Amino acid sequence: MSIEVRNVNKKFGDFVALDDVSVNIPTGQLTALLGPSGGGKSTLLRIIAGLEFADTGLVEIEGQDVTHLPPQKRNVGFVFQHYAAFKHMSVARNVAFGIEIRKRPKAEVKARVAELLALVHLTQFADRLPGQLSGGQRQRMALARALAVEPTVLLLDEPFGALDSKVRKELRDWLRRLHDEVSVTTVLVTHDQDEALEVADEIVVINDGRIEQIGTPDQLYDAPANEFVMGFLGPVTRLRGQLVRPHDLEMFAADPGGSAVGTITRVNRVGFEVRVELTAGDEAVLVTMTRTHYHALGLDVGATAWVRPAAGAPTVGNPARNPVADPISEPVPG
Amino acid sequence: MTVASFDDATTTTSARANRPAGGSSRKRRAPRTGALTLGSGLGLGVGMIWFSLLVLIPLTAVVVKAQAGGWDAYWKTITNPQTWAAIKLTVEQSLIVTLVNVVMGTLIAWVLVRDDFFGKRALEVVIDVPFALPTIVAGLVLLSLYGPRSPIGINVANTEKAVFLALAFVTVPFVVRTVQPVLEQLDLEAEEAALSLGASKFTTFRRIVLPSLAPAIGAGAALSFARAISEYGSLVLLSGNLALRTEVTSVRILTYIENGNTASASAVASTLLLISLAVIVLVDIAQRRIARRD
């Protein structure tokens, strides 16, 4: 195991950032730490980098206990959301910084910098200052700078968070290809589920300072451990108390058996997709389907329809007969 | 993109010159070769008149007055042993104080911005006291603390140390106040990036932090030197103004004036002016060097 985190706790004042977190991050893979803002994923990354220190617990990198090592001694590459460029140095000097610190011969530094700039497609910008680059270019420079020291692990903290969506997507694809090429153990922090599902070999879902689930993108999507994970990975709706994805619901004009019955309240078409809202008992259920499928059903607002999850569709939660709790039976606060 | 817009700006300079400001976001600065608009012409005129009345004309008057007796008289005044000793003492002590301020001022600014401690707010306010205090009051304070009747047993009255102490006291805030805001704006992540790339804390400070602070430190140093070289009120009481030993230039100038010798007073004054100018230029060069070392 390349990075091992065991029982790590971290508090900032009264705020619990990490609550007994343990995770193994395998060598050579791209792992995403996914979760909402303030969930603790960045803190975990910074603890792995040595930019923060755990209150209790253990961090190992390649079998070495680094829990109390300063960042300089961990040999990690760190890429920040806002680039953290050395503004007064040229792009080439930025990339060279880590190698120069290690007192390598000048010729070697030059050759390595040229190689890295070619890798991130910034060769012609070598003499520019970071301020003269676009956001995407700056982040590629930061990546080259981090890779220059041949880090054991590469840590990326929301690396595309400050970029517009088109550049984000480009850089995401590029990062995946780069990782296949360089294959350094990489940990990527993101709050964007698409980014994680698209790029990562493995995803660690973190929320409220705790790990909700660890698995491959397929495992997470097909077998979410709980409502949070399922809800975080994409749109969900609730049917008979169970959480299910709207596109995993089948709708019928006549009772096929084992279905919930309801009345269509709203139909909304967005591109190829039709979103149908219906009221079944006390629940508002959302069903999405293709336009063709919808027209084949011949249903419209006000019609009665039957809904059930498709066979094998992942659901979370226990099916309930009466899904909506009686408000009177809920615990009274205080 | 940047290159393209530069070309654009230079080729269309004459066309843009007569347009009112604030049209395109690209041209933030007035073109160099174009005519001034009415507003900016008026502004420049009023500014120049005010600056001339306050600074340029009196300065020229001093220099002209200094030359009244010709080069011989000027040279004779400057090389007068007592005057020369005063100039030497003032410049030496001002340089030392400025160096001390560069180090201590940066340190105090660092502590104020980066650390949290009990009494930080109080220190924040107290830093400015030397600014606010009338200099003669500062002199009194220093005399009562470090004079012959010192309650803590330190007596530096009538020595060079008194000059240093008084100058240091009044110039404390300069570097602190110029460096502090820059330090507050500094990108902490750049420092963290340097650390994770293997740089020691010292290397990170020298290569990442210092180049960003250099302009502010330079500005503070220049202000501090300019204040020190002209200081009068805070040191007259403690230094004793002993000829050849603790007499500073401003006291010397006053003596000349009291004796009705304005030509000599002007000669010394214009020498101070020249030294100040030279030091400010040197500080500026040094600051640029550090900021662009990489």
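The values are calculated or read from the model by the stated rules, or taken from the named source; none is laboratory data. For clarity, every value in this text was computed on a predicted model and none was experimentally measured. Glycine gets a Cβ as well: all are built from the backbone with ideal geometry, and neighbour counts include every protein chain shown. Surface accessibility is based on the protein's heavy atoms, side chains included, excluding ligands, DNA and RNA. Shrake-Rupley method; radii C 1.70, N 1.55, O 1.52, S 1.80 Å.
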Next item on the list: Send over a whole-number figure in Å² for the accessible area per residue of chain A, probe 1.4 Å.
Entry: 47 Å²
Notebook entry, point to check: Given 5 Å bins starting at zero, what is the percent of C-alpha pairs of region B:95-228 in each, up to the one with the largest pair distance?
Noted result: 2, 10, 17, 18, 17, 14, 9, 6, 4, 2, 1, 0
Item checked: Cα-centred dipole magnitude for the protein assembly as shown, charges only on beta-carbon of K, R (+1) and D, E (-1), debye, nearest 20 -> 3240 debye
Notebook entry, point to check: Nearest 10 degrees, 0 to 90: what angle lies between the long axis of helix A:91-101 and the longest principal axis of chain A (Cα atoms)?
Noted result: 70 degrees
Margin query: When 1/r is averaged over all different Cα pairs and the result inverted, which Kirkwood radius in Å belongs to chain A?
Written below: 22.7 Å
Check: So what is the diffusion coefficient of region B:59-293 in µm² per second by Stokes-Einstein at 10 °C and 1.306 mPa s, using a Kirkwood Rh over Cα pairs?
Finding: 81 µm²/s
Item checked: Nearest-20 debye value, region B:59-293 charge dipole, Cβ charges on Lys, Arg, Asp, Glu -> 420 debye
Item checked: Computed magnitude of the charge dipole of region A:117-201 (debye, nearest 20; Cβ of K, R +1, Cβ of D, E -1) -> 360 debye
Checklist line | Spatial separation of Cα centroids for region B:93-128 and region B:217-294, in angstrom | finding: 23 Å
Note to self: Give me the inter-chain shielding for A:145-155: mean count of other chain Cβ atoms within 10 Å, whole number please.
What the structure shows: 1
Next item on the list: Can you pull out the buried accessible area for chains A and B, both sides counted, probe 1.4 Å, rounded to the nearest 100 Å²?
Entry: 2000 Å²
Notebook entry, point to check: Which value, in nm² and rounded to one decimal, describes the direction-averaged projected area of the C-alpha convex hull of region B:77-169?
Noted result: 7.8 nm²
Notebook entry, point to check: What is the Rg over Rh value, at two decimals, for the protein assembly as shown, using alpha-carbon atoms and the Kirkwood definition of Rh?
Noted result: 1.14
Next item on the list: For chain B, set up a Gaussian network in which alpha carbons nearer than 10 Å are linked by springs, and say which option among B:234, B:144, B:266 fluctuates the most.
Entry: B:144
Margin query: Please compute the Kirkwood hydrodynamic radius over region B:174-294, one decimal place, Å, based on all pairs of different Cα atoms.
Written below: 17.2 Å
Note to self: If you take each beta carbon of peptide B:204-216 and count the beta carbons of other chains within 10 angstrom, what is the mean?
What the structure shows: 2
Next item on the list: List, in order, the whole-Hz ³J(HN,Hα) value for each residue of region A:254-261 obtained from phi through the Karplus relation with A = 6.51, B = -1.76, C = 1.60 and θ = phi - 60°; use x for Gly and Pro.
Entry: 10, 5, x, x, x, 10, 8, 9
Check: Given the pairs A:41/A:166; A:10/B:201; A:10/A:103; A:110/A:169; B:65/B:161, which span a C-alpha to C-alpha distance of over 29 angstrom in this model?
Finding: A:10/A:103; A:110/A:169; B:65/B:161
Notebook entry, point to check: Pairing the Cα long axis of helix B:135-146 with the longest principal axis of chain B, what angle in degrees results, from 0 to 90 and rounded to the nearest 10?
Noted result: 60 degrees
Next item on the list: Report the calculated FRET efficiency for residue B:104 and residue A:265 (r = Cβ-Cβ distance, R0 = 45 Å), to the nearest 0.05.
Entry: 0.05
